[in-house]
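The values are calculated or read from the model by the stated rules, or taken from the named source; none is laboratory data. Note that the structure is a prediction, hence the values are computed from the model and not measured. Quick reminder, even Gly has a Cβ in these numbers, built from the backbone with ideal geometry, and neighbours come from all protein chains shown. Side chains are part of the model used for accessible areas, which takes the heavy atoms of the whole protein and leaves out ligands, DNA and RNA. Shrake-Rupley method; radii C 1.70, N 1.55, O 1.52, S 1.80 Å.
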Amino acid sequence: MARKPIIAGNWKMNNTIAAGVELVKELIPLVKDNDKVDIVVCPTSTALAGVSEAKKGSNIHVGAQNVHWEKSGAFTGEISADMLTEIGVEYCVLGHSERRDYFGETDEGVNKRARAAFAAGITPIICCGESLEIREKGAYLEKVAYQVKMALDGFKPEEVEKLVIAYEPIWAIGTGKTATFDQAEEVCKHIRETVAAAYGQKAADEIRIQYGGSVKPATIKDLMQQPNVDGALVGGASLKAKDFSEIVNF
Ligand code: 13P
């Protein structure tokens, strides 16, 4: 069962419109011959339209960093899925640990956001991952499986197979402390088994599971050797065209 790898750059709260457009323009020639990986960049909201325009005609896709579940209304500070598709957004990072930890996002909210995105034709990249405390207690597989089950609630198996899950252990984000390849594989495999138990083997075989947390050009090749790792969600190293291109061109 060959799953096409997907590597996404989460720019987080970095890059103005000008800087984002410059970064994607720098990236285009470096990755233009790469047809083995789905390449996604996720700029901040203000830069989405500009980056989307700048990447036209290339093999780069654009993702947002969040979306609200309602179509419109009194939800100050939020953006709806239709507003994103209008400017060419095809993916959306959801439930990132920074959203959960700093902005109080819940498993229920992540599920609602994922369903709204999917219904609008946007592929959710649903993040999960445990804190250092949970890792040290040895409860990380249960924690991640619970987050995944909650996020996928209400999806049909034929929808689940089109989703992307990103396993990002919180202790490995921005710390330079990458999970070992075995640690990444162990959890990604457990996520696939969780999907298989709830949605059947076909959904489990087709859903793509990324690893995220201090991914660098030096670590991507070995990471991608892991049978249950189908790509990466890259933070810091996605802010430099050269580094990100080396990662996607692994
Ligand atoms: P870093 O690659 O900077 O550790 O960030 C990972 C991440 O949170 C991507 O969403």
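Looking at Ile79, is it within 17 Å of the chain's Cα centre (by Cα), hydrophobic (A, V, I, L, M, F, W, C) and open to solvent by less than 60 Å² (accessible area, probe 1.4 Å)?
Numbers: within 17 Å of the chain's Cα centre (by Cα): no; hydrophobic (A, V, I, L, M, F, W, C): yes; open to solvent by less than 60 Å² (accessible area, probe 1.4 Å): yes.
Considered against the rule, which asks whether it is within 17 Å of the chain's Cα centre (by Cα), hydrophobic (A, V, I, L, M, F, W, C) and open to solvent by less than 60 Å² (accessible area, probe 1.4 Å), Ile79 comes out as no.
Would you please name the residue that is most open to solvent (accessible area, probe 1.4 Å), looking only at residues in region 82-93 that are over 11 Å from Ala120 (Cβ atoms) and in a strand (DSSP E or B)?
Only one residue fits best here, namely Tyr91.
Conditions first: (1) away from the ligand (no atom under 14 Å from the Cβ); (2) open to solvent by 10 Å² or more (accessible area, probe 1.4 Å). Ile207 passes all but one, so which condition is the exception?
Here Ile207 clears every test but (2).
Could you check, for region 167-176, whether at least one of its residues is open to solvent by 10 Å² or more (accessible area, probe 1.4 Å), away from the ligand (no atom under 16 Å from the Cβ) and touching a residue at least 12 places away in the same chain (Cβ under 8 Å)?
no
Quick check: is even one residue across region 129-148 surrounded by fewer than 20 Cβ atoms within 10 Å (Cβ to Cβ), within 23 Å of Asn111 (Cβ to Cβ) and within 16 Å of the ligand (Cβ to nearest atom)?
Yes; the residues of region 129-148 include at least one that is surrounded by fewer than 20 Cβ atoms within 10 Å (Cβ to Cβ), within 23 Å of Asn111 (Cβ to Cβ) and within 16 Å of the ligand (Cβ to nearest atom).
Could you go through region 227-238 and let me know if any residue there is over 17 Å from the mean Cα position of the chain (by Cα) and open to solvent by less than 50 Å² (accessible area, probe 1.4 Å).
No, because not a single residue in region 227-238 is over 17 Å from the mean Cα position of the chain (by Cα) and open to solvent by less than 50 Å² (accessible area, probe 1.4 Å).
Would you confirm whether any residue within region 128-142 is part of a helix (DSSP H, G or I) and in contact with a strand residue (DSSP E or B) (Cβ under 8 Å, 6 or more places away or on another chain)?
No, the conditions are met nowhere in region 128-142.
Which one of the conditions (1) more than 13 Å from the chain's Cα centre (by Cα); (2) under 25 Å from Glu133 (Cβ atoms); (3) within 15 Å of the ligand (Cβ to nearest atom) does Asp182 fail to meet, given that it meets all the rest?
Every condition holds for Asp182 apart from (3).
Met224 passes all but one of (1) in contact (Cβ under 8 Å) with a residue 40 or more places away in the chain; (2) surrounded by fewer than 24 Cβ atoms within 10 Å (Cβ to Cβ); (3) within 15 Å of the ligand (Cβ to nearest atom); (4) under 18 Å from Pro169 (Cα atoms); which number fails?
Among (1) in contact (Cβ under 8 Å) with a residue 40 or more places away in the chain; (2) surrounded by fewer than 24 Cβ atoms within 10 Å (Cβ to Cβ); (3) within 15 Å of the ligand (Cβ to nearest atom); (4) under 18 Å from Pro169 (Cα atoms), the lone unmet condition for Met224 is (3).
Condition first: hydrophobic (A, V, I, L, M, F, W, C), away from the ligand (no atom under 15 Å from the Cβ) and open to solvent by 60 Å² or more (accessible area, probe 1.4 Å). Can you find one or more residues in region 101-115 that meet it?
No; the residues of region 101-115 include none that is hydrophobic (A, V, I, L, M, F, W, C), away from the ligand (no atom under 15 Å from the Cβ) and open to solvent by 60 Å² or more (accessible area, probe 1.4 Å).
Enumerate the helices (runs of 4 or more DSSP H) found wholly within region 175-250, keeping only those where 2 or more residues are of a type in the set (Val, Ile, Thr) and farther than 26 Å from Met13 by Cβ.
181-199
Just to be sure, is Gly109 closer than 18 Å to Ile126 by Cβ, outside any helix (DSSP H, G or I) and under 17 Å from the mean Cα position of the chain (by Cα)?
Details: closer than 18 Å to Ile126 by Cβ: yes; outside any helix (DSSP H, G or I): no; under 17 Å from the mean Cα position of the chain (by Cα): yes.
No: the conditions fail for Gly109.
What are the residues in region 1-54 that are assigned to a loop (DSSP other than H, G, I, E, B), of a type in the set (A, V, I, L, M, F, W, C), open to solvent by 50 Å² or more (accessible area, probe 1.4 Å) and at pLDDT 95 or above, if any?
Step one: list which residues in region 1-54 are assigned to a loop (DSSP other than H, G, I, E, B), which gives 1-5, 11-16, 32-37, 43-44.
Subset that is of a type in the set (A, V, I, L, M, F, W, C): 1-2, 11, 13, 37.
Now restrict to residues that are open to solvent by 50 Å² or more (accessible area, probe 1.4 Å): 1-2, 13.
Met13 - this is the single residue of region 1-54 that is assigned to a loop (DSSP other than H, G, I, E, B), of a type in the set (A, V, I, L, M, F, W, C), open to solvent by 50 Å² or more (accessible area, probe 1.4 Å) and at pLDDT 95 or above.
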